[in-house]
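The values are calculated or read from the model by the stated rules, or taken from the named source; none is laboratory data. All figures in this text were calculated on a predicted structure; none of them were measured in a lab. Positions of Cβ are backbone-derived with ideal geometry, glycine not excepted, and every protein chain shown enters the neighbour counts.
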Amino acid sequence: MKNCVMLVIISVLLCSNISICFAAPDSWENLAQTPPMGWNSWNTFRLKINEELVRSIADMFVKQGFKDAGYEYIVIDDGWQIDRDAQGNIVVNQEKFPSGIKALADYIHSKGLKFGIYSDAGYKTCGGFPGSRGYEYQDARQYAAWGVDYLKYDWCYTGKQSAPDSYKLMRNALEKAGRPIVFSMCEWGSSKPWLWGKGIGHLWRTTFDIRPCWDCGKMTLSNGVQIENFIGFTKILDLQVGLETYAGPGHWNDPDMLEVGNGKLTADENKAHFSLWCMLAAPLMLGNDIRQASPEVLEILLNVEAIAVNQDPLGKQAVKIRDDGDLEVWSKVLHDGSRAVVLFNRSGNEANISFQWTEIGYPTHLIAQIRDIWQKKDLGPFTKTFTAKVAPHGVVMITVTPE
């Protein structure tokens, strides 16, 4: 007993600075060391969200193996709020969330998951509900009190606000609130947040919103004409080229949420979409109704080998090393010196796609083992080059590991 008392006294003396002794491992700087993984309500449900839906998604995370695969955030998007009270506090829509946000967050935490919420840097959200402009510190304290772990912060009704200043204001408010909260900046890439976002947000949107289509929407023209507000994933993919130097642990380019399992995307298109987002070190935020997901879609979203490429601790974003029109090769350096490579066929016909060892930074004489991530099969040792047949609108995703 005497020894125990002495240990307590020594601990108190050494820990006179309580903030050091009890510092959370998830301090602001240590958050999102790999791309965040989770689910967001927007792509499928828009403003039609409620407490029962979100709880059922959390249940399915555990039941279907999403939690075990690494997905951890359940994020409610626009539409949970309805007003502000006389003191300026944000008011929850009681018809949608009768138990309140704190109870919902507690339920999600009880599942071993983390909880995310949505707001906007402007006066109103994109759905027309109260935004956080002028209430940043008040809202941040409320989020912390509720147990929020992730904030998606949009950019509607912002007028002539400065994006860097607006996001830094909320970033400072979140840090002062005293709870580790991942900060997702949804500014749509309008002011090139990759140039200023590091140290402000943990991830930043690089484009306008994604839609569940192959290549719908218009591209940005050289004269600066704006693209459409909603674009398909191949258009978004093209806009990631050149941004790879800005991504890394704690600061990620965000090409928007996944549309796997939504719309009329085919099986091969879904697989291509997921593979390329894994290669981009993009946040893997599911946007489908996972309760209704087909076995085919579940197999894609729960491929732990593809997810491991996304979550590689080195945090490198893939680089497009070959562009032969409709045939592309993307390469991602992994922490152990191996490479993940995607052969991507945009055409409507099956095609052979090849790459040379020198294109991925290896000498030609190197012997390397090839593993097909979707077949979950070792293909054997290769030297100098690799070639594979790739389905229309499909991919072959492999790892290349030196012997």
- Task: Pick out the one residue from Gly242, Gly189, Gly224 that is at pLDDT below 95, in a loop (DSSP other than H, G, I, E, B) and either in the same structural domain as Lys271 (by TED's automatic domain parsing) or closer than 21 Å to Leu31 by Cα (or both).
- Result: Gly224
- Pair list, Cβ under 7 Å, 6 or more apart: segment 81-106 residue within 13 Å of Ala145 (Cβ to Cβ) and of a type in the set (S, T, N, Q), other residue assigned to a helix (DSSP H, G or I) and modelled with pLDDT of 95 or more: Asn89/Gln138; Asn89/Gln142
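Output the residue which, of all residues in segment 369-389 that are assigned to a strand (DSSP E or B) and among the aromatic types (Phe, Trp, Tyr), is surrounded by the most Cβ atoms within 10 Å (Cβ to Cβ).
Per the criteria, the residue is Phe386.
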- Quick one: which of Ser56, Ser11, Ser41 is modelled with pLDDT under 95 and of a type outside the set (Phe, Trp, Tyr)? Ser11
- Query: Residues of segment 320-340 being farther than 21 Å from Lys389 by Cα and either touching a residue at least 24 places away in the same chain (Cβ under 8 Å) or surrounded by 16 or more Cβ atoms within 10 Å (Cβ to Cβ) (or both), which ones?
  - Reply: Val333, Leu334, Asp336, Gly337, Ser338
- Message: Go through (1) without any contact (Cβ under 8 Å) to a residue 24 or more places away in the chain; (2) touching a Gly at 6+ places or on another chain (Cβ under 6 Å) for Trp204 and report which single condition fails.
- Response: (1)
- Out of all the residues in segment 125-173, which are closer than 19 Å to Leu47 by Cβ, part of a loop (DSSP other than H, G, I, E, B) and touching a residue at least 60 places away in the same chain (Cβ under 8 Å)? Gly127
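Can you report the number of residues in segment 183-205 which are under 18 Å from Trp42 (Cα atoms) and within 12 Å of the chain's Cα centre (by Cα)?
Matching residues across segment 183-205 total 7.
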- For segment 248-257, enumerate the residues that are touching a residue at least 60 places away in the same chain (Cβ under 8 Å) and buried (at least 24 other Cβ atoms within 10 Å of the Cβ). Trp252, Asn253, Asp254, Met257
- Residue by residue through segment 92-141, note down the ones that are closer than 30 Å to Met60 by Cα, in contact with a strand residue (DSSP E or B) (Cβ under 9 Å, 6 or more places away or on another chain) and of a type in the set (A, V, I, L, M). Val92, Ile101, Leu104, Ala105, Ile108, Leu113, Ile117, Ala140
